[in-house]
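Q: Please see the structure below; I have some questions.
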There are 4 protein chains.
Amino acid sequence: MAGSGFGTLFRITTFGESHGAALGVIVDGCPAGLEISEEEIQAELDKRKPGQSRFTTMRQEGDKVEILSGIFEGKTTGTPICMMVRNQDHHSADYGNIADSFRPGHADYCFTEKYGFRDYRGGGRSSGRETIGRVAAGAIAKKLLASLGIQITAYVRSIGPVVAEKTDLSMIEENALRMPDADAAKAAESYLDGLRSETDSSGALVECRVTGMIPGLGDPVFDKLDALLAGAMMSIGAVKGVEFGDGFAVAAAKGSENNDAFALDENGKPVKVTNHSGGVLGGISDGSDLFMRIAFKPTPSIAQPQKTVKKNPDGTYEEEEMVIHGRHDPIIAPRAVPVVEAMAALVLADAVLKNLSSKMDGIKTFYGK
Amino acid sequence: MAGSGFGTLFRITTFGESHGAALGVIVDGCPAGLEISEEEIQAELDKRKPGQSRFTTMRQEGDKVEILSGIFEGKTTGTPICMMVRNQDHHSADYGNIADSFRPGHADYCFTEKYGFRDYRGGGRSSGRETIGRVAAGAIAKKLLASLGIQITAYVRSIGPVVAEKTDLSMIEENALRMPDADAAKAAESYLDGLRSETDSSGALVECRVTGMIPGLGDPVFDKLDALLAGAMMSIGAVKGVEFGDGFAVAAAKGSENNDAFALDENGKPVKVTNHSGGVLGGISDGSDLFMRIAFKPTPSIAQPQKTVKKNPDGTYEEEEMVIHGRHDPIIAPRAVPVVEAMAALVLADAVLKNLSSKMDGIKTFYGK
Amino acid sequence: MAGSGFGTLFRITTFGESHGAALGVIVDGCPAGLEISEEEIQAELDKRKPGQSRFTTMRQEGDKVEILSGIFEGKTTGTPICMMVRNQDHHSADYGNIADSFRPGHADYCFTEKYGFRDYRGGGRSSGRETIGRVAAGAIAKKLLASLGIQITAYVRSIGPVVAEKTDLSMIEENALRMPDADAAKAAESYLDGLRSETDSSGALVECRVTGMIPGLGDPVFDKLDALLAGAMMSIGAVKGVEFGDGFAVAAAKGSENNDAFALDENGKPVKVTNHSGGVLGGISDGSDLFMRIAFKPTPSIAQPQKTVKKNPDGTYEEEEMVIHGRHDPIIAPRAVPVVEAMAALVLADAVLKNLSSKMDGIKTFYGK
Amino acid sequence: MAGSGFGTLFRITTFGESHGAALGVIVDGCPAGLEISEEEIQAELDKRKPGQSRFTTMRQEGDKVEILSGIFEGKTTGTPICMMVRNQDHHSADYGNIADSFRPGHADYCFTEKYGFRDYRGGGRSSGRETIGRVAAGAIAKKLLASLGIQITAYVRSIGPVVAEKTDLSMIEENALRMPDADAAKAAESYLDGLRSETDSSGALVECRVTGMIPGLGDPVFDKLDALLAGAMMSIGAVKGVEFGDGFAVAAAKGSENNDAFALDENGKPVKVTNHSGGVLGGISDGSDLFMRIAFKPTPSIAQPQKTVKKNPDGTYEEEEMVIHGRHDPIIAPRAVPVVEAMAALVLADAVLKNLSSKMDGIKTFYGK
């Protein structure tokens, strides 16, 4: 179990390298009877596909998903669902000159230390293409959640110094940067054009909101819903920070400000009057919207000369100045938006299933006793 | 597996409620031959014990640990180590009046929704006393890591508006607030005294640094070292945010600023010139110090009247104004410092063990082939 | 995770050595709202307690269980249930003379090879007392299953050459050997008296039947219900074989004999006409009784001189003839009967919970969608 | 995690149905640097391929494996290895007439009860083709073990009444029935020819021996090496019994007969004089050969008319007499031999990796401390 598996009951295992034969995922534990089509999965994959605008790499990959198992007559059967995307647009030669060098900001040095050598083509397993399996599996998780009324939406809040002041969700898919604010998107495009001309790149802030939440999801102590979500988000390449609700601002807050009062809604059910907590209390969903923010670092592959170290065939090292060629996004976050949604969906689908065994009443009802 | 287990090879399972008979932990998977004494574990537990200053609750608990298994003649045997602390200072009556009410900022409502009812005494399983098991297990993990030269140090960087400007690690245990700056500690004490007179509480920021790191720890994709650490930190009650290295600041940074160049040290080994990454690249330790920051919310138990909802015996709800009595810290973070260290130690000890199977060379050497 | 954890959702972790401070178990994942008392758990533990007859060891242990957490006002709360039994009747001195010797048929040599040294007192972790945690946890699992109508009964079918010809379940607790046949029990007692006078011991065959089964439990491929049960039974010390339904006899059978025809019962529901399969088809329960047989080897601790090897302080080995002193049962199986039932209960309780997420229909019903 | 995952560190997840697009497996956790080729994996798959003799089905599948990830320049990289075999020879129409009927001895009824419906084509997930993933992964595990000197050999000991009296391992691949005795193989062929003419089938007994064992593999209590092996073997379709060493015979044995004495070998190292235990003591390998026996039931698909039940479109059931058409082996065991070897290899490779963290000495050596 070297880290490519995720989840307990809704469990996925991903595979694949940037320049290998194929990438994909097995979903084991999806309940039977969920209607899902290849088109629905493809639609999610298309959101993370490169080549969509001048801010994303020019690789013209089809990234066409093929379902290999687990779906019969349009429905999940309860058995493992394997989905695969073949790699097509290989330019391995682009990477030959950096096979022995450690690109700054990349995992090259760490992989070589850990495994003794590495698949250097396009970052190998540490490439952003690794997220194909996450997104394909996330599409199924999203469908499961949607059948319970749970919806997940992520978008880019800020890019470098440019912050989206508005939060118009209908705008997200209307601009290549996935910002919920058309003006901010335009300003950010200018900012990125400037960076590109300097062969530089930018970080960004992504937000994710989940509506239609069911209270009671998540478990006390280590498997708190926010703990699992934080781990899930931090597992996405380039993420350096995660916060829930008011997040880091709570460090300067007072209890009287930060506590969310409870009141009754029109149906006489408890609701929180505010949502400083971001939808989780004690690690368990409280029925209000989940809200989290995720910080992405700038693309580490930049075309400027950088100082680094290379490993010689005899095992010694030497310092060098390297220039990374190839095609690279000046920003990661817009294409990471569907990955953020996928990871949130995977955590929540698993939590929905785990919660089924929380009390005897539900169990007796299920078995008709 | 309802969430009280943590880790893969160095695996712990905790138990216990605030006002039950006892709290504790089983560590399964600690290698044989580690020297450890009850005193070493007690020393860690004493750091999280209440009643240490006027900023912490007045409960005079001994919190004496008893080792029940797994250690023989002063050394771990490779079999499960169970450690237990008995509860002594019960004032359950204090909690009778809130048995049916949902305290704002607490998990009461969520537990009731999830399980149908709850152990309302002192927060039950969601009490801060739950961390006893983490700290006891963490003491063993720390000892294991120390034998490899890895050291973990956490402290409080800021409390409300008061920020420690200096980072003098020798100061941490010299003030009740565990700040690495004596002046800041004094200012924070004044701030908290003021809050206490207003029956209010404060959030805080904790930092954690790990030195003597081994490169190669952590696994690609979902079990990235920072992903596991982020989940571990977020699983501590009251944590709302976690960041690594430059953290949220990367969202506004450029790649040329954020990348850490590699150079050679005096022994001809690769080292990073800067550490914006916080010691992890691609989810694998890069040999430089691990550095993370964790945001703690203010204590939710405040003595001010708060608006909330109670559940009636007939299952209906009604709004009410409640006042929480009992003894509560106006700040959580200082006592959480050993918990942060414990969680970091648990993740790292597990990573150290998992890494043993990363390459064939090491395996053949181990088995003498 | 060095092997003391068992189960996925209904997950237990046991601890404790024969001559340590205490033995016990944490059950994590028991649903909330199950009524259970210390007396019910004690009743199961009393069945495995030594000192019940002249065929079991004379250690007069109280083996009194204490519940440390997870039960409040007579019901499980959904949080971890820790149960502990203190060791009392230590005669560690009895074991001093064999501290460096490898008792034939015991794990001494293997523990020393694996861990470098071992807790030699009474077998340490490999003692039969390790099963206390299994039986305590099994008592809770049995209660959960009973609330769904599932009952587990094990008994001793044969001891050495003496086979119980009758299967009168009301007899099981009427004789110290737990045979379902009073005459066979008497004959087996004579056989064991003879063996004892020869300082020898006997193997035995245990059968286990589960009634009130729910169809659909277990999962295809690796987590087949019979695969999990086989692993569970083989994990009990001294077990050397497990078989289901017709078991090893199928190797000589024809398909036309071995297949179980289906028919309709009086309610028009499918039932199997025969039960050669032992209640499982394709690894999933088929609604008929589960039936399995488990072979226990003779007690390895016999008072005859035996040839073996000891490890010298300098790490060299030498051959020796050893005699094991102390008190030992001439037969293991009767006291293992409650352990067999406990392991069956643990597997089934877990399967009952895992099955809740098998289809979307049940999930939507649970969440009222 | 619906049961298609196996192992802890050397972890596999299989996928695929008999008549779906493809079958295969992901191996996550294989150490980096193991040399392995597609040819070596194909060689193992060829052993389980149908169409090899008149005793196996006539499906002419190529069953060509394709490696999709995790291997670079002929060596494992430490990242997930996905291997896939496409289905080719579909005769789904053969199965249309039994889509709603429950074949005796098959999982049809159980799948329908569990999931609400099922992929009825060729048994779907419960087909013997599911073992493709096991065998492909097992090929890698075998290579890993071979590099440590561990070899696994399985064969058919008996078929119906015909028992191999000789154990000539060189004969195994010389006859289609994989018996280690040419004469027995000839007699068994006659027996099976007779059964086939009666449209009947036969059970069989398989033995598996592991040489070159390392002492110390396996963990106490639940993850005993024999417990994991028993679960692994019982997870193979059609297996009804597993035994180790003397197996069920121990039930009639005496301790003085069953204990294996220790002595010193020519190098002064401890060895067992006999091997009644089958290579495991207290669940940990003792250095002698592992030896186990596995009982396979007769092929349930027989061409005789059988009484069963079908489910009508309105959800009611009715009794019927059915005849199963299609091509079916009159015996399962010979083709299961490579599956038995694969499962043994998977358990042992995982045990080899888990054992690396058993003692501090080895860990300090690994990290050079």
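The values are calculated or read from the model by the stated rules, or taken from the named source; none is laboratory data. The shown structure was predicted, so the numbers you read here are calculated from the model rather than taken from an experiment. In this analysis, Cβ positions are derived from the backbone assuming ideal geometry, glycine residues included, and neighbour counts consider all displayed protein chains. What goes into the accessible areas is simple: the full protein's heavy atoms, side chains included, and nothing from ligands, DNA or RNA. Shrake-Rupley method; radii C 1.70, N 1.55, O 1.52, S 1.80 Å.
Q: How many residues does segment B:260-314 contain that are over 30 Å from A:Glu319 (Cα atoms), without any contact (Cβ under 8 Å) to a residue 60 or more places away in the chain and in contact with a His (Cβ under 6 Å, 6 or more places away or on another chain)?
A: 0
Q: For segment A:331-364, which positions are without any contact (Cβ under 8 Å) to a residue 12 or more places away in the chain and assigned to a helix (DSSP H, G or I)?
A: A:Leu356, A:Ser357, A:Met360, A:Asp361, A:Gly362, A:Ile363, A:Lys364
Q: Return yes when D:Ile302 is of a type in the set (A, V, I, L, M), at the interface with another protein chain (Cβ under 10 Å from one of its Cβ atoms), closer than 25 Å to D:Ser158 by Cβ and in a loop (DSSP other than H, G, I, E, B) and no when it is not.
A: Considered against the rule, which asks whether it is of a type in the set (A, V, I, L, M), at the interface with another protein chain (Cβ under 10 Å from one of its Cβ atoms), closer than 25 Å to D:Ser158 by Cβ and in a loop (DSSP other than H, G, I, E, B), D:Ile302 comes out as yes.
Q: Determine whether segment D:157-171 contains at least one residue that is touching a residue at least 12 places away in the same chain (Cβ under 8 Å), within 30 Å of A:Thr79 (Cβ to Cβ) and polar (S, T, N, Q).
A: No; the residues of segment D:157-171 include none that is touching a residue at least 12 places away in the same chain (Cβ under 8 Å), within 30 Å of A:Thr79 (Cβ to Cβ) and polar (S, T, N, Q).
Q: Please specify each residue of segment A:180-195 satisfying the condition of being within 19 Å of A:Ala336 (Cα to Cα) and touching a residue at least 40 places away in the same chain (Cβ under 8 Å).
A: Listed by number, the residues that qualify are A:Glu189, A:Leu192.
Q: Can you tell me which residues in segment D:98-129 are within 7 Å of chain C (Cβ to nearest Cβ), assigned to a loop (DSSP other than H, G, I, E, B), crowded, with 22+ Cβ neighbours inside 10 Å and over 22 Å from the mean Cα position of the chain (by Cα)?
A: The answer is D:Phe102, D:Pro104.
Q: Let me ask something else about it. When segment D:256-269 is examined, which residues are found to be under 19 Å from C:Cys110 (Cα atoms), of a type outside the set (D, E, K, R) and at the interface with chain C (Cβ under 7 Å from one of its Cβ atoms)?
A: If the condition is that a residue be under 19 Å from C:Cys110 (Cα atoms), of a type outside the set (D, E, K, R) and at the interface with chain C (Cβ under 7 Å from one of its Cβ atoms), then D:Asn258, D:Asn259, D:Ala261, D:Phe262, D:Ala263, D:Leu264, D:Gly268 are the ones that fit.
Q: Quick one: would you say D:Ala333 is buried (at least 24 other Cβ atoms within 10 Å of the Cβ), more than 10 Å from chain C (Cβ to nearest Cβ) and over 23 Å from C:Phe262 (Cα atoms)?
A: no
Q: Let me ask another. When D:Arg196 is evaluated against the numbered criteria (1) at the interface with chain C (Cβ under 7 Å from one of its Cβ atoms); (2) open to solvent by 20 Å² or more (accessible area, probe 1.4 Å); (3) not aliphatic (A, V, I, L, M), which criterion, by number, is the only one it fails?
A: Checking D:Arg196 against (1) at the interface with chain C (Cβ under 7 Å from one of its Cβ atoms); (2) open to solvent by 20 Å² or more (accessible area, probe 1.4 Å); (3) not aliphatic (A, V, I, L, M), the one that fails is (1).
Q: Let me ask another. Could you count how many residues in segment D:353-369 are within 14 Å of B:Leu9 (Cα to Cα) and either more than 7 Å from chain B (Cβ to nearest Cβ) or open to solvent by 30 Å² or more (accessible area, probe 1.4 Å) (or both)?
A: Of the residues in segment D:353-369, 3 are within 14 Å of B:Leu9 (Cα to Cα) and either more than 7 Å from chain B (Cβ to nearest Cβ) or open to solvent by 30 Å² or more (accessible area, probe 1.4 Å) (or both).
Q: Restricting the first residue to segment B:212-233 and requiring it to be more than 7 Å from chain A (Cβ to nearest Cβ), which pairs with a second residue that is in a helix (DSSP H, G or I) and open to solvent by 20 Å² or more (accessible area, probe 1.4 Å) meet a Cβ separation below 8 Å and a spacing of at least six or different chains?
A: If the second residue must be in a helix (DSSP H, G or I) and open to solvent by 20 Å² or more (accessible area, probe 1.4 Å), the pairs left are B:Gly218/B:Leu228.
Q: Just to be sure before I move on: is A:Leu225 among the hydrophobic types (A, V, I, L, M, F, W, C) and within 24 Å of the chain's Cα centre (by Cα) in the structure I sent?
A: yes
Q: Here's a follow-up. Sort out which residues of segment D:315-330 are free of Cβ contacts under 8 Å to residues at least 12 places away in the same chain and more than 9 Å from chain C (Cβ to nearest Cβ), and write them in order of number.
A: Result: D:Gly315, single match.
Q: For the structure I just gave you, tell me whether C:Lys297 is modelled with pLDDT of 95 or more, under 23 Å from D:Gly245 (Cα atoms) and basic (Lys, Arg).
A: yes
Q: Right, next: Restricting attention to segment B:270-293, report how many residues are more than 9 Å from chain A (Cβ to nearest Cβ) and of a type in the set (Val, Ile, Thr).
A: Looking only at that region, the number is 1.
Q: Still on this model: Filter segment B:305-332 down to the residues that are within 30 Å of the chain's Cα centre (by Cα) and of a type in the set (Gly, Ala, Ser) and list them by number.
A: B:Gly326
Q: Follow-up question, since we're still on this one. From the set of residues in segment B:251-288 that are assigned to a loop (DSSP other than H, G, I, E, B) and hydroxyl-bearing (Ser, Thr, Tyr), which is surrounded by the fewest Cβ atoms within 10 Å (Cβ to Cβ)?
A: B:Thr274
Q: If you take the residues of segment B:234-250 that are in a helix (DSSP H, G or I) and within 7 Å of another protein chain (Cβ to nearest Cβ), which of them is nearest to A:Phe244 (Cα to Cα)?
A: The residue in question is B:Met234.
Q: Specify the residue that is most open to solvent (accessible area, probe 1.4 Å); the eligible residues are those in segment B:1-43 that are in a loop (DSSP other than H, G, I, E, B) and closer than 16 Å to B:Arg86 by Cα.
A: Step by step, filter segment B:1-43, then rank; the result is B:Ala21.
Q: Which one is surrounded by the fewest Cβ atoms within 10 Å (Cβ to Cβ) among residues in segment C:133-172 that are out of contact with any Ser or Thr (no Cβ under 8 Å at 6 or more places or on another chain) and closer than 30 Å to D:Gly216 by Cβ?
A: Looking at residues that are out of contact with any Ser or Thr (no Cβ under 8 Å at 6 or more places or on another chain) and closer than 30 Å to D:Gly216 by Cβ, I get C:Val135.
Q: Among the residues of segment B:297-323, what is the count of those that are open to solvent by less than 10 Å² (accessible area, probe 1.4 Å), within 13 Å of B:Asp200 (Cβ to Cβ) and aliphatic (A, V, I, L, M)?
A: Counting residues in segment B:297-323 that are open to solvent by less than 10 Å² (accessible area, probe 1.4 Å), within 13 Å of B:Asp200 (Cβ to Cβ) and aliphatic (A, V, I, L, M) gives 1.
Q: Scan C:Ala136, C:Ala141, C:Ala204 and give me the residue that is small (Gly, Ala, Ser), closer than 29 Å to D:Ala232 by Cα, within 12 Å of another protein chain (Cβ to nearest Cβ) and under 20 Å from the mean Cα position of the chain (by Cα).
A: Testing whether each residue is small (Gly, Ala, Ser), closer than 29 Å to D:Ala232 by Cα, within 12 Å of another protein chain (Cβ to nearest Cβ) and under 20 Å from the mean Cα position of the chain (by Cα) leaves just C:Ala204.
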